[in-house]
Amino acid sequence: MAQSKATTVNAYLAEMPDAQREAISTVRALVLARLPEGYEEGMQHGMIHYYVPLTRFPETYNGHPLCYAGLAAQKNYCTIHLMGIYADAPSEKKLKAAFEKAGKTLNMGKACVRFNSAADLALDAIGDSIASMPVDDYVALYERSRLKTKAGQKAAATRR
């Protein structure tokens, strides 16, 4: 599927082939059920995003709401992007162990888990990952990670 230009989640789901819609809808329901208070759902970068609203944290490096998770239908698979996992090695280790315990193969890039159907996933592990990081903890994690970059160090110095 080419990058979507949909502006709403329902429009995005409507343009997907049936199998991808079913997979994304199942994972979306899980995310919405386990998402900590304070995150919002919407469309960004051609996919469903779960993010920290700019009213809560406006100081992102690109001026966009801080992405916590994302769901996307690609040409040959679906992905769930877990940015908390990307930024937190113990959380990544926990996710990998949970997939192994569930007998599932984890097809993962830096922050994205690829799947064809929801049955490919260790859904409890995905739900636990989503539920594991309240907004304040995620913002603090993001701020610590930004301090490791030159641009983040410069921005922090100008705020002092």
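General remarks:
- Cα long-axis angle, helix 18-34 against the chain (0 to 90 degrees, to the nearest 10): 50
- Most mobile of Met133, Met47, Met108 in a GNM of the chain (Cα contacts under 10 Å): Met108
- The chain: calculated mean residue ellipticity at 222 nm from DSSP helix runs of at least 4, using -39500 (n - 2.57): -13500 deg cm²/dmol
- Cα pair distances exceeding 19 angstrom across the chain, given as percent: 55
- The range 9-159 - charge dipole about Cα centre, Lys and Arg +1 at Cβ, Asp and Glu -1, debye rounded to 20: 660
- Candidate aspartates and glutamates - alpha carbon under 16 Å from Lys104, same-chain residues fewer than 8 apart omitted: Glu92, Asp120, Asp124, Asp128
Read-outs throughout are calculated quantities, based only on the coordinates presented, and are distinct from any laboratory measurement. Keep in mind it's a predicted model, so treat the numbers as computed, not measured. As a convention, Cβ positions derive from the backbone with ideal geometry for all residues, glycine included, and neighbour counts pool all protein chains shown.
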